[in-house]
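The structure appears below as structure tokens.
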Amino acid sequence: MINSDTALSGKKVWVTRPAQQSAELCRMIKERKGTPLNLPTMIIRPVPQKVFTAEDTRRLTDADIVIFISKNAVLHSRDLFPRIVAVLQEKTVLATGRATAGCLLALGLERVECIDAGGSEALLNLPALTAMEVRDKRVLIIRGQGGREELRDRLLARAAGVDYLEVYRREKPDISQADMANFWHDETPDALIITSLTGLDNLIELTPAAESKRLYGTAMVVMSERIKQHALEAGFVCITVATDNSDAGLVDALLNMNEAG
């Protein structure tokens with residue numbers, strides 16, 4: 001990790017993550033004298049229901065293992081079911097990333113196992129999800145609508161029972177092509193931070209064709225190898241992967257990329 005307090009001096013960093021999750025990341029960029037450009041390419045909204053249904057509550061109560069895919073999964077499930085922490089205390093709780101685990105601990109949970117990097121499928125390497133441990137266990141995955149199915153499929157292959165609770169949805173922001181063109185011209189970002197496949201796809205769709213060359217040539221920090229591969233296939237050429245699923249990991253990757261450049 002680079003310790004210079006001015007490592008990002010003169011650099012504009014486009015933070016594309018949802019607005020409610022960007023404050024700490026922007027603060028850390030400012031600390032290193034960079035200029036964060038806070039323009040989300042994805043919006044997170046709660047599902048329309050106001051509370052857990054009886055079936056949702058049953059799934060949570062019956063689960064042996066509960067997996068939280070993101071901080072959004074934690075916060076929106078808490079809003080839907082205020083008693084969730086009390087129900088989770090006697091269960092095995094797993095989280096994708098230290099930020100998600102920290103969010104659960106901040107709510108009052110006493111113990112959470114997590115991975116540092118690698119995406120949700122990397123959870124399969126945790127002791128609680130080995131084939132021997134998970135066999136005949138009931139696993140509940142709390143996530144947003146329309147997520148990947150690989151984690152579920154591999155748990156089923158290990159003879160676990162798997163259910164979902166989908167507590168939020170992802171939407172593309174309403175940004176016009178003209179506004180996006182103006183952003184590229186007026187702000188001229190030196191780097192992008194991408195934390196999800198949906199955010200990356202939305203960024204590509206929102207960017208006018210005339211700005212495509214600039215988009216694909218801009219240096220990018222991403223949260224996982226999976227996002228990197230998706231970005232390479234789309235045409236991006238300068239991509240650095242964070243070694244930790246956290247704001248600090250993203251900033252470290254940004255600093256290392258800046259030093260290499």
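The values are calculated or read from the model by the stated rules, or taken from the named source; none is laboratory data. Just so it is clear, the model here is predicted, and its values are computed rather than measured. All Cβ positions, even for glycine, are placed from backbone atoms using ideal geometry, and neighbour counts span all protein chains on display. When the accessible area is computed, the model is the full protein with side chains, heavy atoms only, and any ligands, DNA or RNA have been set aside. Shrake-Rupley method; radii C 1.70, N 1.55, O 1.52, S 1.80 Å.
Would you mind checking which residues have amide H under 5 Å from Cys114's amide H? H placed 1.01 Å from N; only 5 or more apart, or other chain.
The list, which skips near neighbours in sequence, is Ala95.
For the stretch 162-213, which whole percent of the accessible surface, found with a 1.4 angstrom probe, sits on carbon and sulfur atoms? It would help to have the intermediate numbers written out before the result.
Working: 1030 of 2450 Å².
Using a 1.4 Å probe with all protein chains present, the stretch 162-213 comes out at 42 percent carbon and sulfur.
Apply the Debye scattering formula to the stretch 212-261, with a single equal point scatterer on each alpha-carbon and no solvent, then give log10 I(q)/I(0) at q = 0.25, 0.28 Å⁻¹.
After summing over all Cα pairs, the log10 values are -0.92, -1.05.
On the protein heavy atoms, probe 1.4 angstrom, tell me the percent of accessible surface of the stretch 99-151 carried by carbon and sulfur.
Values: 1270 of 2620 Å².
Carbon and sulfur together cover 48 percent of it.
Just the accessible area per residue of the chain, please: how many Å² with a 1.4 Å probe?
Working: 12320 Å² over 261 residues.
Value returned for the chain: 47 Å² of accessible area per residue.
From the helices alone, meaning DSSP H stretches of at least four residues, give me the mean residue ellipticity at 222 nm for the chain, per-run term -39500 (n - 2.57), in deg cm²/dmol to the nearest 500. Could you put the intermediate results ahead of the total?
On the way: 12 runs with 106 residues, N = 261.
Dividing the helical sum by the residues of the chain leaves -11500 deg cm²/dmol.
Give the range of the longest stretch in the chain that excludes all trypsin sites (Lys or Arg not before Pro) found in loop regions by DSSP and having at most 14 other beta-carbon atoms within 10 Å.
149-261
For the stretch 157-226, what is Rg from Cα atoms divided by 2.2 N^0.38 Å, rounded to two decimals? Let's see the in-between values first.
Values: Rg = 16.5 Å, N = 70, 2.2 N^0.38 = 11.1 Å.
Cα Rg divided by the expected 2.2 N^0.38 Å: 1.49.
For the stretch 1-107, what is the largest minus smallest coordinate of the Cα atoms on each principal axis, given in angstrom and ordered from greatest to least?
53, 30, 16
If the reach is capped at under 20 angstrom between alpha carbons, list the aspartates and glutamates near Lys172, excluding any in the same chain fewer than eight residues apart.
Correct list for Lys172: Asp201, Glu205, Glu211.
Can you give the % of DSSP beta bridges in the chain that are antiparallel, to the nearest 5? Write down the numbers at each step before the final one.
Values: 4 of 36 bridges.
Expressed as a percentage, antiparallel bridges in the chain total about 10.
What distance in nm separates the simple spin-label points at Ala234 and Glu205, each placed 7 Å from Cα in the Cβ direction?
Spacing of the two 7 Å Cα→Cβ label points: 1.1 nm.
Which whole-Hz couplings ³J(HN,Hα) result when phi for each residue of the stretch 145-156 is put into the Karplus expression 6.51 cos²θ - 1.76 cosθ + 1.60, θ = phi - 60°, listed in order with x for Gly and Pro?
Values per residue, Gly and Pro as x: 5, x, x, 5, 9, 4, 4, 4, 4, 6, 5, 4 Hz.
List the lysines whose alpha-carbon lies under 22 Å from that of Lys33, not counting same-chain residues fewer than 8 positions away?
Answer for Lys33, where 22 Å is the Cα cut-off: Lys11, Lys12, listed by chain and number.
Please report the Cα spread of the chain along all three principal axes, rounded to whole Å, starting with the longest.
Extents along the principal axes: 54, 38, 33 Å.
Would you mind checking which residues have amide H under 5 Å from Leu37's amide H? H placed 1.01 Å from N; only 5 or more apart, or other chain.
Amide H neighbours of Leu37: Val13, Trp14, Val15.
Can you list residues whose amide H is under 5 Å from Val47's amide H, if they're 5+ apart or on another chain and H is modeled 1.01 Å from N?
Those qualifying (amide H under 5 Å, at least 5 residues apart or on another chain) are Tyr168, Arg169.
Could you work out the per residue convex hull volume over the alpha carbons of the stretch 186-233, in cubic angstrom? Let's see the in-between values first.
Working: hull volume 3.7 nm³, N = 48.
Looking at the stretch 186-233, the number lands at 77 Å³ per residue.
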